[in-house]
């Protein structure tokens, strides 16, 4: 259940008991749908701090509270979330507060106003966003080996990302992974991928070797307390004659979000998508664009098995060695997401529909054709890098609220 701090703002001129009685339906609304901690104006001091993961709502119960709001403004979590009513001059006071915050403080205000079902929906979405932001603050992403050399537009500033999102990013040398692969006895293959409906190129030895990458990465996850990681995976090809596709697929299945090619913006996008929606993300390249159909074919070899209805074990597409995953997606709605920029404050998202699972031997193993609801100019004019993140379902509504709440720049 969503947890709220509700700061009750009322003028003594209206009479406290009379105000509470006039807004009894709102109290009932709060108590029926949320776990609420009611606070008064006097409770908000420099020492007061909301619990992480709780949404704070300033309830403007009457007019005449603008001065009180101004006095406690600096101690409130940002952005400000206001709840306005249709009575007691609440709406007029709320508009004055919004103007003050926008003009004097150059900050954002999120106004909750209207029918209770609409307010319930908005608060529920905001709670999910607050939980996302709290989850990111508690997350650590490991960059194992740094980005691949072809990711020339995917450099980020760790300090700025930490300041904006709260997430920690830690660099881990590839040599640390190499040492685990060569000098440590790793756990043997446990048959996790026996659910594959077919194996084409890979041998049992190939699968066992690929599992070793997973076992070594799990040690690094525990050693560095990681929630997510990106791996400069192509460096493994020549040195160990295997690939990281299987390892990254399984880690993401297990909720340890794993991106390939050392692509930190994409790995962060995967983590954000997963924390916000609970859906398993798929990181892929746009491989072909059909402007007449307004469709794109996305492809990659690292699809998590929990993101697809069935899968085949194949070799890695570019090299023909190791183990890749050829998954088949359910047809239906999806959302494409990508976060980018130096501090990861830019975002693109669009709704689409999976209409086909192509099987070209000239693309990465898992392929989906997606028809977009919006035009595809983003991909050819102003993309946030090459990799894009796909999750099942249409999540554009909550992403629009995230843009507003966090002040992101929508591309």
- Item | Helix 24-33 axis, angle to the chain major axis (alpha carbon atoms, nearest 10°) | 20 degrees
- Message: If I take every Cα pair under 8 Å that is 6 or more residues apart in the chain, average their sequence separation and divide by the length, what percent do I get for the relative contact order?
- Response: 13 percent
- Item | Candidates 359, 314, 140: whichever shows maximal mean-square fluctuation once the chain is modelled as a Gaussian network with Cα springs under 10 Å | 359
- Inter-centroid distance (Cα atoms) of region 324-383 relative to region 22-87, Å: 40 Å
- CD proxy at 222 nm, helix term only [per DSSP H run n ≥ 4: -39500 (n - 2.57); per residue of the chain; nearest 500]: -10500 deg cm²/dmol
- Message: Can you tell me what share of the DSSP beta bridges in region 228-336 is antiparallel? A percent to the nearest 5 is fine.
- Response: 70 percent
- Note on the structure: In the chain the DSSP beta bridges are antiparallel at a rate, in percent to nearest 5, of 50 percent
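What number, in percent, do you get for the relative contact order of region 3-136 if the mean sequence gap of Cα pairs under 8 Å and at least 6 apart is divided by its residue count?
On the way: 183 pairs, mean separation 36.8, N = 134.
Relative contact order, region 3-136: 27 percent.
Cβ neighbours within 10 Å, averaged per peptide: list 255-268, 106-119, 39-52 in order, most packed at the top. Walk me through the intermediate numbers first.
Values: 255-268: 24.9, 106-119: 14.1, 39-52: 12.4.
Put in order of decreasing packing, that is 255-268, 106-119, 39-52.
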- tail above 19 Å in the computed P(r) of region 291-345, as % of all Cα-Cα pairs, reads 48 percent
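Just need the Rg to Rh number for region 249-384, please, alpha carbons only, Kirkwood Rh. The partial results should precede the final answer.
Details: Rg = 14.3 Å, Rh = 15.3 Å.
On the Cα set of region 249-384, Rg over Rh gives 0.94.
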- How big is the gap, in Å, between the Cα center of region 94-153 and the Cα center of region 174-216? 39 Å
- Note on the structure: Computed over the chain: longest principal axis from alpha-carbon atoms vs helix 90-104 long axis, angle to nearest 10 degrees, is 60 degrees
- Message: What is the angle, in °, between the Cα long axis of helix 174-183 and the longest principal axis of the Cα atoms in the chain? Nearest 10 is fine, range 0 to 90.
- Response: 50 degrees
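To the nearest µm²/s, what D does Stokes-Einstein give for region 3-136 at 25 °C and 0.890 mPa s, using the Kirkwood radius over alpha carbon pairs as Rh? Walk me through the numbers before you get to the answer.
On the way: Rh = 15.1 Å.
It comes out at roughly 163 µm²/s.
Just so you know, all these numbers are worked out from the coordinates, no wet-lab data involved. Note that the structure is predicted; figures quoted are calculated from it, not measured. Neighbour counts are summed over all protein chains in view; Cβ atoms, including those assigned to glycine, are modelled from backbone coordinates with ideal geometry.
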